[in-house]
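Visitor: Below you'll find the structure I mean.
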Amino acid sequence: MRITVIIPTYNEAQTIERLLRDVRGEFSGIPNHEFKILVVDANSPDGTGGIVKTAKKKYPEIELLAEKGQRGLGLAYIAGMNYAREKLEAEAIMEFDGDYQHDPKDIKKLVGELDRGHDYVIGSRYIPGGSVPEKWSARQKFLSKYGSWFIKKTLALPTYDNTSGFKLSRVRGFYDKLPLDEDKILSHYHAYKIHLLCEMLKMGAKTKEVPIKFLERKNGSSKSTARDILESLKVVSILKLRSFLER
Ligand SMILES: Nc1nc2c(ncn2[C@@H]2O[C@H](COP(=O)(O)OP(=O)(O)O)[C@@H](O)[C@H]2O)c(=O)[nH]1
Ligand SMILES: [Mg+2]
């Protein structure tokens, strides 16, 4: 299967080279699939795009989609997903962070579940075996865990990690119905994840959560802000309202 791994980046120059090397390394251990790595860079002022361009010259499986600036994680992923489908003819798409908080070693676990017939595989921090960094503050741990629980309860979802950014999804039968459009997606920021998760579940995607250890960010800084909490509340409210109206 043709799998495209989308890696969004904004100022990840200290990490991206090592990440690309390790992700490529993992793929070489999964020979039954064809991989592409698509970096969607938001014209990072720290030169992340230049590092990717250099790597791309050496390794043809690396692609770079250069955006004009930092427009939000959701818009970066939508641009990447449309490019992966249309230009790279991807049959499966992986969402993967560019800051090394996702462990490349977990990639094969997700691919294994796709091979077993699942349509939607979620790297989960909130099932047995999964975890968040020990060094996170109590506030950070609470917000992340309670956020996922709140989304689960409000929208009656079967899944436990509802804000995970590490996912693998099958394109055929699903992507042509996803709201991969700036005007249709309910958030241009991190909360796009909640919207796409609900759409995949609503379509009946055969879903599997696999445990992952979410690593500590060692370089650079998080682009998530208080705005993302409000965006999540907005997305959950709209989805809840829609579910009432659809009854
Ligand atoms: N292209 C692009 N990448 C982004 C944007 N915002 C965040 N990222 C990247 O998306 C990944 C996840 O973002 P991060 O800030 O680490 O989110 P957190 O892990 O929830 O704190 C990182 O690789 C970021 O560099 C954006 O607006 N555009
Ligand atoms: Mg991060």
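The values are calculated or read from the model by the stated rules, or taken from the named source; none is laboratory data. Remember, it's a predicted structure, so these values are computed and weren't measured experimentally. No Cβ is skipped: glycine too gets one built from the backbone with ideal geometry, and neighbour counts run over all protein chains shown. Just so you know, the surface numbers come from the protein's heavy atoms only, side chains and all, with ligands and any DNA or RNA stripped out. Shrake-Rupley method; radii C 1.70, N 1.55, O 1.52, S 1.80 Å.
Visitor: Between K87 and L241, what FRET efficiency follows from the Cβ-Cβ distance if R0 is 30 Å, with the result rounded to 0.05?
Guide: 0.25
Visitor: Still on this structure, please answer the following. Taking springs between alpha-carbon atoms closer than 10 angstrom, which of V23, V121, V39 fluctuates most in the Gaussian network model of the chain?
Guide: Answer for the Gaussian network model of the chain: V23.
Visitor: Now for a separate question. To test your reading of the geometry: what angle, between 0 and 90 degrees and rounded to tens, separates the Cα axis of helix 16-28 from the longest principal axis of the chain?
Guide: 90 degrees
Visitor: Expressed in nm to one decimal, what extension gain is obtained for the pair D181 and F142 from 0.36 nm per residue of sequence separation less their Cα-Cα distance? Display every interim value, and only then the final one.
Guide: Details: separation 39, 0.36 × 39 = 14.04 nm, distance 3.19 nm.
That pair, D181 and F142, stretches by 10.8 nm at full extension.
Visitor: May I pose another question? Using a probe radius of 1.4 Å on heavy atoms only, what accessible surface per residue do you get for the chain? Whole Å² is fine.
Guide: Working: 12120 Å² over 247 residues.
Ligands and nucleic acids excluded, the figure is 49 Å² per residue.
Visitor: How big is the Rg/Rh ratio for the chain, C-alpha atoms only, Rh by Kirkwood, two decimals?
Guide: For the chain, the value is 0.93.
Visitor: Give the dimensionless ratio obtained when the Cα radius of gyration of the stretch 131-216 is divided by 2.2 N^0.38 Å.
Guide: Taking the Cα Rg and dividing by 2.2 N^0.38 Å, one obtains 1.17.
Visitor: Using each residue's phi in the stretch 41-56, evaluate 6.51 cos²θ - 1.76 cosθ + 1.60 at θ = phi - 60° and report the 3J(HN,Hα) Karplus result to the nearest Hz, with x for Gly and Pro.
Guide: For the stretch 41-56, the Karplus-derived couplings read 9, 8, 6, 3, x, 7, x, 3, x, x, 5, 5, 4, 5, 5, 5 Hz, x marking Gly and Pro.
Visitor: Now, a different point. Which value in deg cm²/dmol, rounded to the nearest 500, describes the helix-derived mean residue ellipticity at 222 nm for the chain, given -39,500 (n - 2.57) per DSSP H run of n ≥ 4 and division by the residue count?
Guide: Per the formula, -12500 deg cm²/dmol.
Visitor: Which GluC sites (Glu not before Pro) in the stretch 161-247 sit in a loop by DSSP (not H, G, I, E or B) and have at most 16 other Cβ atoms within 10 Å of their own Cβ? Provide the component values of the computation, followed by the final result.
Guide: Values: sites: E182, E199, E209, E216, E231, E246; in loops: E182, E216, E246.
Sites meeting the loop and neighbour criteria: E182, E216, E246.
Visitor: Something else about it: I need the trypsin sites (Lys or Arg not before Pro) found in the stretch 80-111, filtered to DSSP loop residues with at most 14 other beta carbons within 10 Å of theirs.
Guide: When the trypsin sites (Lys or Arg not before Pro) of the stretch 80-111 are filtered for loop state and at most 14 Cβ neighbours within 10 Å, K87 remain.
Visitor: Treating the angle as unsigned and between 0 and 90°, give the value, to the nearest 10°, between the Cα long axis of helix 192-202 and the longest Cα principal axis of the chain.
Guide: That works out to roughly 70 degrees.
Visitor: Towards the positive end of the charge dipole of the chain, with charges on Cβ (+1 Lys, Arg; -1 Asp, Glu), say which of I93, V132, V5 has the farthest Cα.
Guide: V132
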